[in-house]
Structures are given as structure tokens and as C-alpha cells.
Amino acid sequence: MKLFFILVSFLFTNYSPSPASGSHIEETTVWGQTGHRVIGLIAEVHLTRKASRKIEKLLAGKSLAFVSTYADELKSDRFYSKYSPWHYVNYPLETRYNPANRDDAGDVIFGIEQCIEVLSDTTSGIEDQQFYLALLVHLIGDMHMPLHVGREEDRGGNNIKLSWFSKSTNLHRLWDSDLIESVNLSYTELAAELNKQLSKKKLKQFDAGTYLDWVEDSHEAAATVYASAKQGDRLAFKYSYKYNDLLFTQLQKGGVRLARLLNQLFD
Ligand code: ADE
Ligand code: ZN
Ligand code: ZN
């Protein structure tokens, strides 16, 4: 009986009528951890031996997938707030990126250029090299999330509210994480699958150009994503069926191009 009362009072004191609070995720969303890790893991397969060895040494054995998410973990740290605008760039659809319109705070292209500068400078310290390599892995990933190269007026789709399997979300978060999480594969499983699906022809096609070409490619993908849904839409299976190909292509491109850039820097 005494035990019964202890149990009952335990249940009641811990009962809370409101949903669990405390772990509120901030509204600005990030190309989910899965996306970044898939891109890191695909890139590793396409590194040259020399680049792979150098990177392995610099990261003290940590994988590109493992370090790919550091930059988002830093976002909540005010010391690193200067890097927040480096995760994306917005400009009107049907136009090209123009560095003259660049915000003083920088953007994803500026961020990538800072990383390249540090990594190609032989006098950079080890800690800077480690930091900027992790940042580069992350930013090449972000750049391949179409809505990180989206429109200013809706904050890359963050303002376009809709639902995904009855859960409220927005177009940006759908592409950052909801779609990829719905695939329901671990990042290693998804990377292995997408790598297997990379034909010679696709590989050759993706492994070309520079980050200035890639940003326009993502911007074109953003136009497709904007046309795919509108405010208030209730999306589910049919949307995955139609758009997972684009999602997977962006991840493959991200991986192959990250490797291309790292091979240029480290080999
Ligand atoms: N904040 C404003 N625009 C954004 C974008 N395109 N991507 C991510 N965060 C943003
Ligand atoms: Zn995002
Ligand atoms: Zn990011």
C-alpha cells in the first residue's frame, strides 16, 4: 500500500498537462545533419589517395561526415554569430549571383572563399585549417540545399508554411530535413545507396565547374522547389515520390563537388 502511494504521488508530481518544453528548436532551420553527413561520406569515396591522406592527418582521423555538422552546432554560440550569414545566399530567381550586391556580413560564396583562402595558405595554423576545413565541408553542403540559394522575400522558404504528414513545417524545413528524414535510412545507408546510383555519366556531369557554377545550379533547383508547393499545402507521400529524385541528385552533386574542391586544395 505504501509503495502504491509512493508510485501514485510520483506519477502525479511528474505529470505535466502541457507538451514537453525545454527542447525548443529555433525557427531558422539547417540542412539536417543527415544531409551534411551524406555529402561528407560521398565525398570521401571520391578523394584522391593523396588528398585523403592529408585530410585524414589534418582531422586526426575524424571523417568528413563527422565534422560536417560543426558549423550548425556553432550557430547558437554568439561568439560565432559572424558566420551565420555564411550558410546561404538569397537573390531573385531568374538572375545570377552578383558579388557586387553582396551583404557586408557575407554569404555562402564569401564563406567558401574564406575557407579556400585559409586552406590554400601554407602558413595557416593547424587549428585554423581544421576549423575552415570543417566549415568548407558544411558550406558546400548548405550550398546544395536549393533553398539556401533561394529568395530573400520568403527567407529561403522559411516563411512558406505548410504541413508534412499533418505536422506543421515550412518549405525550407521540408527540404532541410523533413524529406530526407522520411527516407528513413541512416546517413551511411543513404550515402552508400546514392553512391551506388552514381553512374559514370552522372559523375562526369557533376564533377565539373566551380562553386560559382554550382550556386547557379542550386538556384535553378530552388526555382523547381518554389514551384513545387505553396503556403498552406498539405504534403505527404506524393510529394516524396515526385521530388526525392531532386533531393538525391543534390546530395550526389554536393558529395562529388566537395571531393572535387578538396582534391584541388589537398592534392
Ligand atoms: N535566412 C534567411 N534566408 C535564408 C536562407 N535562404 N536559408 C537559410 N536561412 C535563411
Ligand atoms: Zn536551412
Ligand atoms: Zn548550415
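The values are calculated or read from the model by the stated rules, or taken from the named source; none is laboratory data. Note that this is a predicted model, so its numbers are computed, not measured. Heads up, the Cβs are rebuilt from the backbone with ideal geometry, glycines too, and the neighbour counts pull from every protein chain shown.
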| said: I'd like to verify a number: residues in the stretch 201-239 that are farther than 25 Å from LEU64 by Cβ, of a type in the set (Ser, Thr, Tyr) and buried (at least 16 other Cβ atoms within 10 Å of the Cβ), how many? | reply: 3
| query | Any idea how many residues of the stretch 10-65 are buried (at least 20 other Cβ atoms within 10 Å of the Cβ) and at pLDDT below 95? | reply | 4
| request: Tally the residues that are within 16 Å of ligand 1 (Cβ to nearest atom) and modelled with pLDDT of 90 or more, restricting the search to the stretch 66-81. | output: 1
| Out of PHE131, PHE110, which single residue is in contact with a Pro (Cβ under 9 Å, 6 or more places away or on another chain) and away from ligand 1 (no atom under 13 Å from the Cβ)? | PHE110
| request: Taking the residues in the stretch 91-120 that are hydrophobic (A, V, I, L, M, F, W, C) and modelled with pLDDT under 95 as candidates, determine which candidate is farthest from SER81 (Cα to Cα). | output: ALA100
| request: May I ask you to list the residues in the stretch 114-136 that are more than 16 Å from ligand 3 (Cβ to nearest atom), surrounded by 12 or more Cβ atoms within 10 Å (Cβ to Cβ) and touching a residue at least 40 places away in the same chain (Cβ under 8 Å)? | output: ILE116, LEU119, GLN129, GLN130
| Restricting the stretch 164-185 to residues that are of a type outside the set (A, V, I, L, M, F, W, C), more than 15 Å from ligand 1 (Cβ to nearest atom) and free of Cβ contacts under 8 Å to residues at least 12 places away in the same chain, the residue that is nearest to ILE112 (Cα to Cα) | ASN184
| query | Of the residues LYS50, LYS82, LYS54, which is within 30 Å of TYR226 (Cβ to Cβ) and basic (Lys, Arg)? | reply | LYS82
| field | Scan of the stretch 80-106 for residues that are touching a residue at least 40 places away in the same chain (Cβ under 8 Å) and among the basic types (Lys, Arg), ordered by number | value | ARG96
| remark: In the set LEU74, LEU93, LEU59, the lone residue that is in contact with a helix residue (DSSP H, G or I) (Cβ under 8 Å, 6 or more places away or on another chain) and under 21 Å from ARG260 (Cα atoms) is LEU59
| request: Go through (1) under 22 Å from the mean Cα position of the chain (by Cα); (2) modelled with pLDDT of 90 or more and name the single condition THR123 misses. | output: (1)
| For the stretch 186-267, list the helices (runs of 4 or more DSSP H) that sit wholly inside it and hold at least 1 residues that are of a type in the set (Asp, Glu); which are they? | 187-196, 211-228, 237-266
| said: Contact list please: Cβ distance under 6 Å, first residue in the stretch 29-51 and closer than 14 Å to ILE180 by Cβ and touching a residue at least 12 places away in the same chain (Cβ under 8 Å), second residue in a helix (DSSP H, G or I) and acidic (Asp, Glu), pairs at least six apart or on different chains. | reply: THR29/ASP176; VAL30/ASP72; VAL30/ASP176; TRP31/ASP142; TRP31/ASP176; GLY32/ASP176
| Taking LEU198 and the conditions (1) surrounded by 13 or more Cβ atoms within 10 Å (Cβ to Cβ); (2) in contact with a Lys or Arg (Cβ under 7 Å, 6 or more places away or on another chain), which numbered condition does it fall short on, given that it satisfies the others? | (2)
